[in-house]
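First the structure, in the form of structure tokens, and then the observations on it.
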């Protein structure tokens, strides 16, 4: 008698967020309350797909997640793969999901996929999207075509790469997009269909230093320099600026940024939400040509929030000199 092949192993780590939230009473706002085991019970088809190990790592809103907690998540996920998991799924809140996915992607060393998912509607909502997103995340994690793609974000049946994915709507079910690039694939009829080829990736080392801070400021019309003037004295190790247009700032900011760049890495990104910073088009004071002459780096296509993360990781490993190579 031929024995049926055993199901693959899948690890699910729950961090909280809207997917885990429900109201304690009718008129109260929702808060994290649903743990990993309860989430599994809401998705019966998972039992037919894999041997699932589910663990509640945190039950918090994602706005309160820290880099230290994400490093713990990385170590937990690494241990699951070492123990034989074919894929790993992390569930968390959507407020910082794009940042968490990028943080983990920069450090994820395995061919096995790490999938991050969440929900735009709480577990107690009549049409909660969490169970469907969790099922699609599991399907993606178990698909051999997902291997060597690093960290992927699965939301609303779309599969996004961690580098480009952004939350572009506050509440809509279709909140997650990859502006200028599009989703790398979709989950259709229980299968993943990829539309983009594998990209060569190399994981960064886990930082040995974690007590440093990287500041992020946004350029605004007639913005003052009071905060800029304090950056060095406050002990920051790096600065990211969400600049105008193609990566521009005012004349006053340009002077300050040049001074700051003498003692720490400074990167200017674009606050527009799509497109890349220029490198050789604008010659006015505060334009990208002027800023680069002052020692400021341009972010290219990478948004300011994700620049801050890669800068923090590189500084933590003493690799800040290679920052330009990761933009």
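The values are calculated or read from the model by the stated rules, or taken from the named source; none is laboratory data. Keep in mind that this is a model prediction, so the values were computed, not measured. Neighbour counts are summed over all protein chains in view; Cβ atoms, including those assigned to glycine, are modelled from backbone coordinates with ideal geometry.
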Revision key, fill the gap. Residue 257: passes all of (1) in contact (Cβ under 8 Å) with a residue 40 or more places away in the chain; (2) touching a strand residue (DSSP E or B) at 6+ places or on another chain (Cβ under 6 Å) but (1)
Study note, to complete from the structure: Selection from region 71-93 of residues touching a residue at least 12 places away in the same chain (Cβ under 8 Å) and part of a helix (DSSP H, G or I) yields 71, 72, 73, 74, 76, 77, 78, 80, 81
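Here's the yes/no breakdown for (1) touching a helix residue (DSSP H, G or I) at 6+ places or on another chain (Cβ under 6 Å); (2) loosely packed, with under 15 Cβ neighbours inside 10 Å; (3) more than 24 Å from residue 147 (Cα to Cα):
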site: 15; (1), (2), (3): no, no, no
site: 18; (1), (2), (3): no, no, yes
site: 23; (1), (2), (3): no, no, yes
site: 33; (1), (2), (3): no, no, yes
site: 37; (1), (2), (3): no, yes, yes
site: 53; (1), (2), (3): no, no, no
site: 82; (1), (2), (3): no, yes, no
site: 89; (1), (2), (3): yes, no, no
Check your understanding: Does residue 209 qualify as being assigned to a loop (DSSP other than H, G, I, E, B), farther than 30 Å from residue 133 by Cβ and within 22 Å of the chain's Cα centre (by Cα)?
Key -> yes
Study note, to complete from the structure: Flagged in region 11-70 as more than 13 Å from residue 130 (Cα to Cα), in contact with a strand residue (DSSP E or B) (Cβ under 9 Å, 6 or more places away or on another chain) and in a loop (DSSP other than H, G, I, E, B), in numbering order, are 24, 29, 33, 50, 61, 65
Practice item. Check off (1) touching a strand residue (DSSP E or B) at 6+ places or on another chain (Cβ under 6 Å); (2) free of Cβ contacts under 8 Å to residues at least 60 places away in the same chain; (3) in the same structural domain as residue 277 (by TED's automatic domain parsing) for residue 238 and give me the number that stays unchecked. Key: (2)
Check your understanding: Here are some conditions: (1) within 30 Å of residue 210 (Cα to Cα); (2) in contact with a strand residue (DSSP E or B) (Cβ under 8 Å, 6 or more places away or on another chain). Residue 226 meets all but one. Which one does it not meet?
Key -> (2)
Check your understanding: Pairs, please: C-beta under 6 Å, at least 6 apart or cross-chain, first residue outside the structural domain of residue 83 (by TED's automatic domain parsing) and in contact (Cβ under 8 Å) with a residue 12 or more places away in the chain and in region 112-128, second assigned to a loop (DSSP other than H, G, I, E, B) and buried (at least 19 other Cβ atoms within 10 Å of the Cβ)?
Key -> none
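Is it the case that residue 255 is part of a loop (DSSP other than H, G, I, E, B) and surrounded by fewer than 22 Cβ atoms within 10 Å (Cβ to Cβ)?
No.
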